[in-house]
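Structure first, commentary second.
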Amino acid sequence: MEAGYLGVGNMGLPMAGRLLDGGHSLTIYDINEAAMEPLLRRQARRATSPKDLADQCEIVFVSLPTLAAFRAVAFGPDGLTQGKAMKLLMNTCTIGVPFVKEIEQTMATQGVTVVDCPISGGPPGARAGTLSVMVSGDPAAVQRVWPMISLWGKTLTVAGDKPGAAQVLKLTNNILSAVALAATSEAFVMGAKGGLDPEVMLAAINAGSGRNSATEAKFPLAVLTRSFDFGAEMHILMKDIDLAIAQGEELGVPMWVCQAARLVFKHAMQKGAAKDDLTSIVRHVERDAGFEIPKTR
């Protein structure tokens with residue numbers, strides 16, 4: 001199919017690339033010209049603005065890191081709402097239920113259907129095509145894009161028939177991931193400082209009940225290598241944590257453990273870690289413990 005892709009950064013670039021791999025034609029736009037180059041070399045076409053993208057493409061995918069960025073490209077003076085061809089907006093971002101509803105209501109006045117399609121798995125999953133894809137929206141619209149979004153991963157979950165349901169599912173996933181990363185950081189510093197080999201810990205934990213997304217992916221790829229380059233900046237995770245806790249509180253759910261994890265990341269953010277890779281949270285635990293996990297990979 002013909003589609004537009006807005007935002008080809010750490011996540012959008014490999015996801016758009018997967019659409020090209022599947023034989024789909026793409027027109028792309030990103031404020032960063034250099035980010036578009038790999039796709040342009042693969043015969044993707046360049047749009048000159050979000051409006052230009054929406055003037056050319058009936059289906060437009062959006063992959064952006066923040067709510068502010070999404071608001072600017074959607075509602076700005078040269079934004080998507082000014083385009084004439086777009087009829088289906090695919091949101092792959094984690095932006096929370098209230099903002100999804102705002103987008104849906106505004107786009108409806110333009111005759112545009114919104115499908116909510118956040119993903120999980122981070123940049124490594126996007127590059128490998130192993131993302132978990134969560135989708136909600138009009139069933140006919142979801143069915144139309146199913147051949148495209150199925151290129152991103154083998155696990156596609158329909159959360160509901162209205163935009164926003166997939167956001168709740170994604171926030172449930174991301175707050176669990178954040179809590180796991182914070183707890184794993186503290187536990188591994190404790191174990192290593194107590195004399196354990198980090199590789200021995202990793203093997204035992206991943207074979208036991210303590211395994212989680214941090215022990216299975218983030219620690220072996222970016223912590224035990226001391227590269228801290230998993231591919232997502234801490235402020236993006238902080239945004240997801242805040243959205244998840246706000247969602248829980250709105251529903252009257254106590255979020256005590258999640259609040260504790262938020263404090264761990266907020267403390268690091270206050271120390272200047274906003275633009276650091278999210279796995280660098282380990283360094284802040286290490287600093288306070290007076291001990292550094294040795295490099296093993």
key: Members of the stretch 73-109 that are part of a strand (DSSP E or B) and either free of Cβ contacts under 8 Å to residues at least 40 places away in the same chain or over 20 Å from S136 (Cβ atoms) (or both)   = L89
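If I ask for residues that are β-branched (V, I, T) and over 18 Å from I59 (Cα atoms), which ones from the stretch 3-42 would you list? Step through it out loud before you land on a result.
So the first thing to find is which residues in the stretch 3-42 are β-branched (V, I, T), and the list is 8, 27-28, 31.
Within the stretch 3-42, just I31 meets the criteria.
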Total residues in the stretch 275-297, condition free of Cβ contacts under 8 Å to residues at least 60 places away in the same chain, surrounded by fewer than 14 Cβ atoms within 10 Å (Cβ to Cβ) and not basic (K, R) = 2
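Within the group G153, G208, which residue is among the small types (G, A, S), outside the structural domain of I59 (by TED's automatic domain parsing) and either free of Cβ contacts under 8 Å to residues at least 12 places away in the same chain or touching a strand residue (DSSP E or B) at 6+ places or on another chain (Cβ under 7 Å) (or both)?
Values: G153 fails: outside the structural domain of I59 (by TED's automatic domain parsing).
Residue meeting the stated conditions: G208.
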Filter result (buried (at least 19 other Cβ atoms within 10 Å of the Cβ) and among the acidic types (D, E)) within the stretch 154-177 = none
message = For the stretch 265-297, give me the residue count where each residue is part of a loop (DSSP other than H, G, I, E, B) and in contact with a helix residue (DSSP H, G or I) (Cβ under 8 Å, 6 or more places away or on another chain).
response = 9
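Going residue by residue through the stretch 10-21, is there one that turns out to be outside the structural domain of D240 (by TED's automatic domain parsing), over 19 Å from the mean Cα position of the chain (by Cα), aliphatic (A, V, I, L, M) and buried (at least 24 other Cβ atoms within 10 Å of the Cβ)? Break it down into steps so the answer makes sense when it comes.
Of all residues in the stretch 10-21, those outside the structural domain of D240 (by TED's automatic domain parsing) come to 10-21.
Then keep just the ones that are over 19 Å from the mean Cα position of the chain (by Cα); that gives 20-21.
Filter once more, so that each one left must be aliphatic (A, V, I, L, M): 20.
Next, from what is left, pick out any that are buried (at least 24 other Cβ atoms within 10 Å of the Cβ): none.
No: zero hits.
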message = What pairs come out if I take residues in the stretch 236-258 that are on the phi < 0 side of the Ramachandran plot and pair them with residues that are among the hydroxyl-bearing types (S, T, Y) and crowded, with 19+ Cβ neighbours inside 10 Å whose C-beta lies under 7 Å away, six or more apart or interchain?
response = D240/T94; L243/T94
key: Residue under evaluation A187, criteria (1) under 16 Å from F265 (Cα atoms); (2) buried (at least 19 other Cβ atoms within 10 Å of the Cβ); (3) among the small types (G, A, S), criterion not met   = (2)
Some residue of the stretch 120-128 being in a loop (DSSP other than H, G, I, E, B), under 19 Å from L67 (Cα atoms) and in contact (Cβ under 8 Å) with a residue 24 or more places away in the chain = no
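Using the structure shown, decide if K87 is under 21 Å from P147 (Cβ atoms) and of a type in the set (K, R).
On the way: under 21 Å from P147 (Cβ atoms): yes; of a type in the set (K, R): yes.
Here the answer is yes, as K87 does meet what is asked.
Consider the stretch 1-25. How many of its residues are closer than 22 Å to P124 by Cβ and either assigned to a helix (DSSP H, G or I) or of a type outside the set (F, W, Y) (or both)?
16
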task = Considering only residues that are of a type in the set (S, T, N, Q) and more than 17 Å from the chain's Cα centre (by Cα), look in the stretch 56-111 and name the one that is surrounded by the fewest Cβ atoms within 10 Å (Cβ to Cβ).
result = T109
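Being at pLDDT 95 or above and not in a helix (DSSP H, G or I): is that true of G210 here? Lay out the reasoning, then the answer.
Working: at pLDDT 95 or above: yes; not in a helix (DSSP H, G or I): yes.
Against the criterion (at pLDDT 95 or above and not in a helix (DSSP H, G or I)), G210 qualifies.
Being loosely packed, with under 14 Cβ neighbours inside 10 Å and either over 13 Å from F188 (Cβ atoms) or under 15 Å from the mean Cα position of the chain (by Cα) (or both): is that true of G231 here? Before the answer, list the steps.
Details: loosely packed, with under 14 Cβ neighbours inside 10 Å: no; either over 13 Å from F188 (Cβ atoms) or under 15 Å from the mean Cα position of the chain (by Cα) (or both): yes.
So G231 does not fit the description; no.
The values are calculated or read from the model by the stated rules, or taken from the named source; none is laboratory data. The structure presented is a predicted model; accordingly, all values stated were derived computationally and were not measured. Here the Cβ is made from the backbone with ideal geometry for all residues, glycine too, and neighbour counts use every protein chain on show.
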